[in-house]
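Worksheet: one structure, shown below.
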Amino acid sequence: MHPDWVGNFVFRYPSLMDRMKLGSLKTSLLNGLNLAGIDNEADNIAFMTATLTILMESSPDWFTLDEIHEYKALERVFDTYATWRESFRG
């Protein structure tokens, strides 16, 4: 991992409205294409980007979604969110 990819991220737990917005934003990012018309990586990037756009309250200055060039950086932050969210499953 790149040594500059450090910092604190703050997320919020998704409400039902957030979940609806996530689906809408993901579809928009994919220009309305269905899963059959898009490769897995593009689908994953759209899902992770939509999730973080809607649910990330704060992030380090270096983390600007439209300037991330490394899939691993996006995936690492998303995995941090996913682990945090799973902690509520009790």
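Of the residues that sit in region 23-56 and are buried (at least 18 other Cβ atoms within 10 Å of the Cβ) and of a type in the set (S, T, N, Q), which one is farthest from ALA73 (Cα to Cα)?
THR51
Restricting the search to region 5-22, which residues are outside any loop (DSSP other than H, G, I, E, B) and closer than 23 Å to HIS69 by Cα? So that I can check it myself, show each step before the final result.
Let us first name the residues in region 5-22 that are outside any loop (DSSP other than H, G, I, E, B), namely 10-11, 16-22.
Listed by number, the residues that qualify are VAL10, PHE11, LEU22.
Determine whether region 46-61 contains at least one residue that is among the charged types (D, E, K, R) and in a helix (DSSP H, G or I).
Going through region 46-61, the residues among the charged types (D, E, K, R) turn out to be 57, 61.
Checking the rest, the ones that are also in a helix (DSSP H, G or I) come to none.
Scanning region 46-61 turns up no residue that is among the charged types (D, E, K, R) and in a helix (DSSP H, G or I).
When you scan region 1-22, how many residues do you find that are surrounded by 10 or more Cβ atoms within 10 Å (Cβ to Cβ), of a type outside the set (Lys, Arg) and out of contact with any helix residue (DSSP H, G or I) (no Cβ under 8 Å at 6 or more places or on another chain)?
4
Output yes when any residue across region 7-15 is at positive phi, of a type outside the set (S, T, N, Q) and in contact (Cβ under 8 Å) with a residue 12 or more places away in the chain, and no when none is. Before you say what the answer is, go through the steps one by one.
Step one: of region 7-15, the residues at positive phi are 7.
Right, trim to of a type outside the set (S, T, N, Q) and you get 7.
Imposing the further condition that a residue be in contact (Cβ under 8 Å) with a residue 12 or more places away in the chain reduces the set to 7.
The answer is yes; a qualifying residue exists.
Considering every residue within region 56-69, establish whether at least one is of a type in the set (Gly, Ala, Ser), without any contact (Cβ under 8 Å) to a residue 24 or more places away in the chain and farther than 14 Å from LEU25 by Cα.
Taking region 56-69 as the starting set, the residues that turn out to be of a type in the set (Gly, Ala, Ser) are 58-59.
Subset that is without any contact (Cβ under 8 Å) to a residue 24 or more places away in the chain: none.
Scanning region 56-69, I find no residue that is of a type in the set (Gly, Ala, Ser), without any contact (Cβ under 8 Å) to a residue 24 or more places away in the chain and farther than 14 Å from LEU25 by Cα, so the answer is no.
Any residue in region 25-54 that is over 14 Å from ILE68 (Cβ atoms) sitting within a Cβ distance under 7 Å of a residue that is of a type in the set (S, T, N, Q) and in a helix (DSSP H, G or I)? List the pairs, counting only those 6 or more apart or interchain.
Listed by first residue and then by second, the contacts come to LEU25/THR53.
Could you tell me whether GLU70 is loosely packed, with under 12 Cβ neighbours inside 10 Å, of a type in the set (Asp, Glu) and in contact with a strand residue (DSSP E or B) (Cβ under 8 Å, 6 or more places away or on another chain)? Even if it seems obvious, please write down each step before you answer.
Working: loosely packed, with under 12 Cβ neighbours inside 10 Å: yes; of a type in the set (Asp, Glu): yes; in contact with a strand residue (DSSP E or B) (Cβ under 8 Å, 6 or more places away or on another chain): no.
Considered against the rule, which asks whether it is loosely packed, with under 12 Cβ neighbours inside 10 Å, of a type in the set (Asp, Glu) and in contact with a strand residue (DSSP E or B) (Cβ under 8 Å, 6 or more places away or on another chain), GLU70 comes out as no.
All of the numbers you see were taken from the coordinates with simple rules; none came from a lab. Just so it is clear, the model here is predicted, and its values are computed rather than measured. Cβ coordinates were reconstructed from backbone atoms using ideal geometry, including for glycine residues, and neighbour counts include every protein chain displayed.
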